[in-house]
Amino acid sequence: MEGPDVNMQSIERDHRGDIVGRWTDLDYVLMRDGPSAGPGFEPGEDTKSVLMDVMHVLVLGAGGLGCELLKDLALSGFKKIDVIDMDTIDLSNLNRQFLFRPHDIGKPKAIIAAERVMERVEGVTVTPHYCRIEDKDDDWFQQFHIIIMGLDSLEARSYMNAVACSFLRFEADGTPDQSTIKPLIDGGTEGWKGHARVILPGVTPCFHCTMWLFPPQTTYPLCTLAETPRIAAHCIEYAHLIQWGNERPNEEFDADDPEHMKWIYENAMRRAEAFGIEGVTLHHTMGVVKNIIPAIPSTNAIIAGQCALEALKMATMCAKGMDNFMMYNGSDGVYTHTVAYEKDPDCPMCSPGVAMELPKESTLSDVIDAIVKKFEDTVALPSISTSNGTNLYMRGVLEEATRDNLPRKMSELLGEEHGGGEKLDGLIIVNDKKLKGPLRVRLSLA
Ligand SMILES: [Zn+2]
């Protein structure tokens with residue numbers, strides 16, 4: 001094959017306006033059948049057109065994974081991409097977030113990443129959203145065929161998982177309604193380790209089904225910090241989370257202010273000495289306070305590549321999708337392993353839940369009474385929230401704040417959650433001290 005012609009006038013373009021030969025590599029997988037093709041795959045222009053003209057994908061995060069993802073997706077033939085990120089570019093990002101340059105420091109990641117990809121990859125439209133994921137209405141996420149997560153926080157993943165699962169509806173026999181499945185692809189890296197996974201809510205385990213996969217977060221119970229510190233990190237977090245607020249109540253702690261960090265370090269040091277604990281250093285203090293996880297560019301590239309490949313497979317069915325979790329470890333040689341995790345049949349996010357039918361006019365109070373009656377062995381004093389995490393009625397400290405909801409109509413409370421629509425069925429999550437975990441109730445108000 002001849003290389004690209006330097007004489008612009010003689011460049012040949014196809015009916016799509018692309019330089020002839022541009023998608024040769026993609027054509028190998030999209031224009032012909034093969035033994036690893038996925039179910040329903042039909043090679044040819046139509047499939048290519050679905051990928052390029054129809055598919056609309058969302059990338060969450062424009063950081064280490066996000067930059068790689070945007071580039072990979074654009075080069076894989078996706079032409080309509082949106083990206084959300086709430087951060088601005090920091091000097092320390094430049095070693096791996098390769099879409100950014102020194103003069104971009106301080107600018108929003110989403111906007112710059114979108115510009116750079118569009119500059120470099122002809123024909124792709126990347127629409128940036130400089131905001132938090134939570135700033136978008138749930139319905140806004142419906143427009144995307146695939147949502148790809150390049151996030152570094154469990155909270156943001158949990159949130160997106162809850163939103164995607166909230167779209168899920170079930171048939172009368174308890175099988176998921178295929179048209180309501182919002183696919184998620186999740187990538188994550190930590191140092192030399194990473195994972196890529198495919199979440200088809202209702203089909204494969206959702207993020208919540210496999211919460212145990214994630215190591216316990218390094219947060220410590222406040223009582224430990226206040227009363228029984230055992231390790232250096234306890235002393236550091238005490239100075240950071242408790243002492244600062246008590247002794248410098250009018251100042252917001254800024255982890256990037258060296259004086260603030262030194263103050264935390266010195267106070268943690270004194271506390272450690274008082275409890276006979278060793279190991280408090282300024283370096284350790286910064287690590288604990290900033291929760292620094294080393295970021296390795298090659299790990300990001302590998303994980304993002306896998307995620308983009310899964311997106312391509314999902315969009316075109318050119319190959320069977322991953323089932324359903326791939327872990328990668330590059331810390332000692334290279335090791336990967338793919339495993340089909342199983343759904344939690346009682347998952348409060350993605351299981352069909354227990355069906356319950358109540359009159360249309362039922363109040364929240366009526367719903368609680370009905371739940372207590374139906375589950376009398378396991379539920380006595382339930383707290384109720386929606387599947388998106390909005391508290392409807394809580395026991396304990398939030399009781400007062402949620403009490404006013406009790407006489408309100410359930411249809412109204414659920415309607416509000418869905419943006420005021422006429423939605424009369426909804427999932428509610430029931431928590432009770434007597435329950436092992438949250439109980440998912442599929443409420444229909446007729
Ligand atoms: Zn689940």
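Probe of 1.4 angstrom, ligands and nucleic acids ignored: what's the accessible area per residue over the chain, in square angstrom?
On the way: 22900 Å² over 446 residues.
On a per-residue basis, the chain sits at 51 Å².
In nm, to one decimal, how far is the modelled label at D346 from the one at R13, with both set 7 Å along Cα→Cβ?
Taking the two extended label points, one gets 6.1 nm.
Could you tell me how far the Cα centroid of the stretch 96-116 sits from the Cα centroid of the stretch 38-80, in Å?
Each part's Cα centre sits 21 Å from the other's.
State the Cα centre-to-centre distance between the stretch 184-242 and the stretch 373-413 in whole Å.
Spelled out, the Cα-based centre of one part sits 27 Å from the other.
If each of N95 and V54 carries a label point 7 Å out from its Cα toward its Cβ, how far apart are those two points in nm?
So the two model labels end up 4.4 nm from each other.
Can you give me the convex hull volume of the Cα atoms of the stretch 293-428, divided per residue and expressed in Å³? Before the final figure, lay out each step's value.
Numbers: hull volume 29.1 nm³, N = 136.
That works out to 214 Å³ per residue.
Among the DSSP beta bridges whose two residues both lie in the chain, what percent are antiparallel, rounded to the nearest 5?
Values: 33 of 58 bridges.
Among the beta bridges of the chain, antiparallel pairing accounts for roughly 55 percent.
Compute the distance in nm between two label points, each set 7 Å from the Cα along the Cα-to-Cβ direction, one at Y335 and one at K262.
In this crude label model, Y335 to K262 measures out at 4.4 nm.
Say the cut-off is 28 Å between C-alpha atoms; which of K182/K434; K193/K262; K136/K262; K320/K343; K80/K193; K109/K182 go over it?
Numbers: K182/K434 33 Å; K193/K262 31 Å; K136/K262 38 Å; K320/K343 19 Å; K80/K193 30 Å; K109/K182 26 Å.
Listed pairs above 28 Å: K182/K434; K193/K262; K136/K262; K80/K193.
Of the beta bridges DSSP finds with both residues in the stretch 354-445, what % are antiparallel, to the nearest 5?
70
Suppose we take every Cα in the stretch 164-248 and form the convex hull; what volume per residue is that in Å³? If you can, show how the numbers build up before the last one.
On the way: hull volume 14.7 nm³, N = 85.
With only Cα atoms used, the stretch 164-248 gives 173 Å³ per residue.
Under unit Cβ charges (Lys, Arg +1; Asp, Glu -1), what dipole magnitude, rounded to 20 debye, does the stretch 238-357 have relative to its Cα centre?
So the magnitude is around 380 debye.
Could you calculate the FRET efficiency of D173 with K360 from 1/(1 + (r/R0)^6), where r is the beta carbon distance between them and R0 is 30 Å, rounded to 0.05? Please report the intermediate quantities before stating the final value.
On the way: r = 24 Å, r/R0 = 0.81.
Taking R0 as 30 Å, the efficiency between D173 and K360 is 0.80.
If you wrap a convex hull around the Cα atoms of the stretch 1-95, how much volume per residue is inside, in Å³? Write down the numbers at each step before the final one.
Numbers: hull volume 16.4 nm³, N = 95.
Cα convex hull per residue, to the nearest whole number: 172 Å³.
Students often forget the sequence filter, so: which aspartates and glutamates lie under 18 Å Cα-Cα from K313 once same-chain residues fewer than 8 apart are removed?
D25, D27, D33, E42, E45, D46, D53, E68, D72, D186, D323
Taking each pair of different alpha-carbon atoms in the stretch 222-290 once, compute 1/r for the pair, average those values, and report the inverse of that mean as the Kirkwood hydrodynamic radius in Å to one decimal. Could the numbers behind the result be given before it?
Numbers: mean 1/r = 0.0857 Å⁻¹.
After inverting the mean inverse Cα-Cα distance, the result is 11.7 Å.
Mind checking the full-extension length gain between V372 and L154? Use 0.36 nm per residue of separation minus the Cα-Cα distance, one decimal, nm. Present the calculation step by step, with values, prior to reporting the outcome.
Working: separation 218, 0.36 × 218 = 78.48 nm, distance 3.22 nm.
Length gained between V372 and L154: 75.3 nm.
Shape of the chain from its Cα gyration tensor (a ≥ b ≥ c, root eigenvalues): rounded if a/c is under 1.5, otherwise prolate when a/b > b/c, or oblate?
Values: a/c = 2.04, a/b = 1.17, b/c = 1.75.
The shape class here is oblate.
May I ask you to give the percent of accessible area on the chain that is carbon plus sulfur, with a probe radius of 1.4 Å? Before the final figure, lay out each step's value.
Numbers: 12060 of 22900 Å².
Within the chain, the accessible surface is 53 percent carbon and sulfur.
The values are calculated or read from the model by the stated rules, or taken from the named source; none is laboratory data. Quantities reported herein were computed from a predicted structural model and do not represent experimental measurements. Quick reminder, even Gly has a Cβ in these numbers, built from the backbone with ideal geometry, and neighbours come from all protein chains shown. Note: accessible area is taken over every heavy atom of the protein model, side chains too, but ligands, DNA and RNA are not part of it. Shrake-Rupley method; radii C 1.70, N 1.55, O 1.52, S 1.80 Å.
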